[in-house]
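Worksheet: one structure, shown below.
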Ligand SMILES: Nc1ncnc2c1ncn2[C@@H]1O[C@H](COP(=O)(O)OP(=O)(O)OP(=O)(O)O)[C@@H](O)[C@H]1O
Ligand SMILES: [Mg+2]
C-alpha cells in the first residue's frame with residue numbers, strides 16, 4: 001500500500017473534438033503528470049492559465065476519466081466520484097434556491113444523515129467559517145467572501161478526507177482573501193485534511209502550503225515542486241527574505257515557461273473521423 005494519501009502516476013487527459021471537414025482532433029490537456037501528496041499535506045498547484053489545473057482536479061475528483069496513467073488514493077485506484085473527496089470549485093457554485101444552512105447540508109442529505117446530526121454538523125461548520133448570523137440567508141444576500149465560506153463549509157460538512165480547491169478565493173477582494181486564507185489554515189490545523197489548492201497567486205501558494213507544484217504551460221505537466229520551509233505561523237506581511245526568495249523562484253519558473261509557451265505547439269492529431 002502506498003504511504004502517500006494521493007499518488008498521481010503519469011496522468012494524461014485528452015479531449016477529442018471535430019475539426020472542419022470532419023477530421024477528428026485530439027487535444028492534450030495534461031501530459032504525464034506525476035505527483036505524490038502526503039496524508040495531511042497542504043499542496044498548492046500554480047501554472048499558466050489553460051495549462052490543465054482544473055482538468056487535473058476533475059481527474060482527482062473522479063469527475064472525468066483519465067486518458068492514460070492512474071490516480072491512487074490510499075492505494076486504491078480512482079474510478080469515479082467519492083464523498084471522501086470534498087470539492088470547492090472555481091467560482092462559488094452554490095445552489096441559489098437553498099439557504100446557507102441548506103447548502104451546507106447538501107452533502108449530508110446525500111449521505112442520508114439523520115435530521116439531528118445534519119443540523120448539528122451544519123451548525124458546527126457554519127460557525128467554523130463565521131456565518132452563524134447568516135445561516136438562513138440565500139446566496140444572493142451574501143457577499144462574495146461569505147459565499148466562498150459557504151462553499152468551504154459545504155465541502156467540509158460531509159467529512160471528506162481530501163479537500164480539492166480550485167482557485168477558491170480568486171473572486172474576492174484582497175483583504176477578504178487574506179482572511180479566508182487564515183481561516184483555511186485554521187481549519188486545516190484543526191482537521192488535518194489533505195488539501196490540494198489551485199491558485200494563480202504565488203503569495204497565496206507560499207503562505208498556505210507545505211509544497212508548491214509548478215506546472216508547465218499547455219499541455220500541462222509538473223515542472224517543479226518546491227518545499228516551503230517557512231515556519232508556521234507564517235508572517236502575514238509576507239515580506240521575509242525566505243518568502244521573497246521563494247516568490248522569485250516560482251515567478252522565474254513561470255516566466256521561463258511563458259516565454260517558451262509560444263514555441264510549444266498544441267498537439268493536434270489530424271486523425272480521420274470515423
Ligand atoms: N471538456 C473539455 N473539452 C475540450 N477541452 C477542454 C475541456 N475542458 C478543458 N479543456 C481544455 O483543456 C485546457 C486546460 O483547461 P483547464 O480548465 O484545466 O485549465 P486551467 O489550468 O484550469 O486554466 P485557468 O487557470 O484559466 O483556470 C484548456 O485549453 C481547455 O480549453
Ligand atoms: Mg481552472
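Would you calculate a helix-derived [θ] at 222 nm for the chain, using -39,500 (n - 2.57) for each DSSP H run of n ≥ 4 and dividing by the full residue count, to the nearest 500?
Calculated mean residue ellipticity at 222 nm is -10500 deg cm²/dmol.
Which value, in nm² and rounded to one decimal, describes the direction-averaged projected area of the C-alpha convex hull of the range 51-133?
For the Cα atoms of the range 51-133, the hull's average projected area reads 7.5 nm².
Which residue, 123, 148, 175, has the most motion in a Gaussian network model of the chain that connects Cα atoms within less than 10 Å?
In the Gaussian network model the winner is 175.
Treating the angle as unsigned and between 0 and 90°, give the value, to the nearest 10°, between the Cα long axis of helix 115-128 and the longest Cα principal axis of the chain.
80 degrees
Could the peptides 109-121, 3-15 be put in order, highest first, of the mean number of other beta-carbon atoms found within 10 Å of their residues?
The densest-packed peptide leads the list: 3-15, 109-121.
For the chain, take the longest principal axis of its alpha carbons; what is the angle in degrees between that and the long axis of helix 144-157, to the nearest 10 within 0 to 90?
90 degrees
Does the range 93-159 classify as rounded, prolate or oblate by the C-alpha gyration tensor (a ≥ b ≥ c root eigenvalues; a/c under 1.5 gives rounded; else a/b over b/c gives prolate, otherwise oblate)?
It comes out prolate by the Cα gyration axes.
Pick out which of 133, 58, 229 has the largest mean-square fluctuation in a Gaussian network model of the chain, springs linking Cα atoms closer than 10 Å.
133
For helix 174-191, report the angle its Cα long axis makes with the longest principal axis of the Cα atoms of the chain; keep it between 0 and 90° and round to the nearest 10°.
Orientation of helix 174-191: about 80 degrees from the principal axis.
What order do you get for 188, 97 when you list them from fewest to most C-beta neighbours inside 10 Å?
Ascending Cβ contact count within 10 Å gives the list 97, 188.
State the Kirkwood hydrodynamic radius of the range 1-143 in Å, one decimal place, computed from all pairs of distinct Cα atoms.
Kirkwood radius, the range 1-143: 18.0 Å.
Quick check for you: which residues of the range 143-175 have the amide N under 13 Å from the point 7 Å beyond the Cα of residue 200 toward its beta carbon?
Under 13 Å, as judged by backbone N against the label point of residue 200, lie 167-172 of the range 143-175.
Along the Cα-to-Cβ line of residue 32, 7 Å from the Cα, sits a label point; which residues in the range 193-226 have backbone N less than 20 Å from it?
Residues passing the 20 Å test: 213-226.
Could you work out Rg/(2.2 N^0.38 Å) for the chain, with Rg from alpha carbons only?
My calculation over the Cα atoms of the chain gives 1.06.
Can you compute the FRET efficiency between residue 114 and residue 229 using 1/(1 + (r/R0)^6), with r the Cβ-Cβ distance and R0 = 45 Å? Round to the nearest 0.05.
Calculated transfer efficiency: 0.50.
Going 7 Å from the Cα of residue 83 in the Cα-to-Cβ direction, what parts of the range 147-184 have a backbone nitrogen less than 18 Å from that spot?
Within reach of a label on residue 83, which here means backbone N under 18 Å from a point 7 Å along Cα→Cβ, the range 147-184 contributes 152-164.
Bear in mind these aren't lab numbers, they're just calculated from the coordinates by the rules spelled out. Note that the structure is predicted; figures quoted are calculated from it, not measured. Positions of Cβ are generated from backbone atoms using ideal geometry, with glycine treated the same way; all protein chains shown enter the neighbour counts.
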